[in-house]
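Notes for the one structure printed next.
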């Protein structure tokens with residue numbers, strides 16, 4: 001077992017003024033699409049807590065430390081803005097420098113559960129941009145979960161065309177220069 005796989009990816013939610021503002025990542029960054037989808041499941045579970053995420057929000061992977069970090073902290077995944085309204089993001093906002101990933105989280109009020117027997121389900125997508133001209137594919141993952149921990153949907157894919165899914169299309173557009 002490699003040294004990096006022996007260390008766990010640890011995630012702590014950040015809240016500001018009663019709303020989800022991001023996540024602190026400790027230990028190490030997720031190393032592959034599956035680990036990023038597992039991170040997304042945690043984020044979606046947090047987003048499903050009533051009132052914590054009022055509207056669909058985009059989060060940026062930041063390889064920087066918070067003020068006064070705890071030992072082992074390696075970076076942040078921070079709320080950057082919304083898709084519409086006062087805090088709306090603009091196309092190309094993440095072009096330079098391009099982050100290693102973007103997430104979009106949808107609160108229960110903006111999610112139609114894939115299974116009708118579930119209520120209060122949040123959803124999300126993680127987009128990991130590649131460099132197709134160098135043979136590095138775009139990757140993405142999607143998840144749905146509720147605050148009780150029930151995961152109603154989870155999947156990841158490599159080699160995606162961002163334009164084939166609404167969430168990945170928006171996230172790719174936000175990165176495009």
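No lab work stands behind these numbers, since they all come straight from the coordinates. Keep in mind that this is a model prediction, so the values were computed, not measured.
Here are some notes:
- Average Cα contact separation per residue, the chain, under 8 Å, 6 or more apart, as relative contact order %: 22
- Cα gyration tensor, the stretch 82-132 - rounded (a/c under 1.5), prolate or oblate: oblate
- As computed over the stretch 2-83, the Cα convex hull volume per residue (Å³): 100
- Using just its DSSP H runs of length 4 or more, each adding -39500 (n - 2.57), the chain gives a mean residue ellipticity at 222 nm of -5000 deg cm²/dmol after division by all residues.
- Dividing the alpha-carbon radius of gyration of the stretch 36-87 by the rule-of-thumb value 2.2 N^0.38 Å gives 1.30.
- Principal semi-axes in Å for the stretch 8-175 [√(5λ), Cα gyration tensor, largest first]: 22, 20, 17
- The stretch 138-161 versus the stretch 1-75: alpha-carbon centroid distance in Å: 15
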